[in-house]
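Remarks on the structure that follows.
The values are calculated or read from the model by the stated rules, or taken from the named source; none is laboratory data. The model shown is predicted, which means the values in this text are computed figures rather than measured ones. Here the Cβ is made from the backbone with ideal geometry for all residues, glycine too, and neighbour counts use every protein chain on show. Note: areas computed on protein heavy atoms with side chains; ligands, DNA, RNA excluded. Shrake-Rupley method; radii C 1.70, N 1.55, O 1.52, S 1.80 Å.
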Amino acid sequence: NVYQTIQIGNQVWMAENLKVTHYRDGTSIQYVQNELTEPDVWETLTTGAYCYYDDSQSNQTTYGNLYNWYAVADSRNIAPEGWHVPTDAEWKELEMALGMSQSEADDAGYRGTNEGSKLAGNAGLWTDGELENDSEFATTGFTALPGGARYYSSGDYFSMGNGAYFWSATEGGSYNAWYRGLDYGSSGVYRYDYYKRGGFSVRLLRD
């Protein structure tokens, strides 16, 4: 895969969601289809897996893959040489480069002012709301897209058009890991931890 990149502050990010289907050593990442085709698989895994929304190839082309956190953390490395999945602290660095304060960055829930709008892109894909109506929508070139996610408990897909969700490499506990979320109804950035069995997009940061 060939990815566009963007520099924000002192960081260089991929400006597209990850699409890899193999770890760095060439081993395949397990692909898990929808619940009708592969019932009770996604929500029981404690090893790396990926999918794409509604098992649609066109969604993969536009939004990339959704990965569980076990794929993110696998020692075989989901990131190509020279790149890595950003930690929670590195996400905070990005947010603060866009104007968020340290205290806001350290908080959970929706934080900041319009950092989410700055990170988002392609208004035509987003449900109309506060995110895309902000005057600084899409000004960074990060181009976060509303690719949705996959539930940890049922394996169902949700929120395409409404939300973008990105894993960090940082655990929040035995069963959870920190992530970032953008929602069409808010111009801020959501920070919280979610079950590792969930399926989120992945953005990479240059080493």
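Some points to look at:
- Residue count for region 165-193 satisfying the condition of being assigned to a strand (DSSP E or B), over 17 Å from residue 17 (Cα atoms) and not hydrophobic (A, V, I, L, M, F, W, C): 7.
- Residue list for region 7-30, filter: assigned to a loop (DSSP other than H, G, I, E, B) and among the hydroxyl-bearing types (Ser, Thr, Tyr): 21, 23, 27
- In region 56-99, the qualifying residues are those that are touching a residue at least 60 places away in the same chain (Cβ under 8 Å) and among the β-branched types (Val, Ile, Thr), and the one that is surrounded by the fewest Cβ atoms within 10 Å (Cβ to Cβ) is 87.
- Residue count for region 173-191, restricted to those that are more than 14 Å from residue 129 (Cα to Cα) and either in contact with a Ser or Thr (Cβ under 8 Å, 6 or more places away or on another chain) or open to solvent by 40 Å² or more (accessible area, probe 1.4 Å) (or both): 7
- Condition check for residue 9: among the small types (Gly, Ala, Ser) and under 19 Å from residue 181 (Cα atoms): no
- Here 153, 103 are screened, and the one residue that is surrounded by fewer than 21 Cβ atoms within 10 Å (Cβ to Cβ), modelled with pLDDT of 95 or more and touching a strand residue (DSSP E or B) at 6+ places or on another chain (Cβ under 8 Å) is 153.
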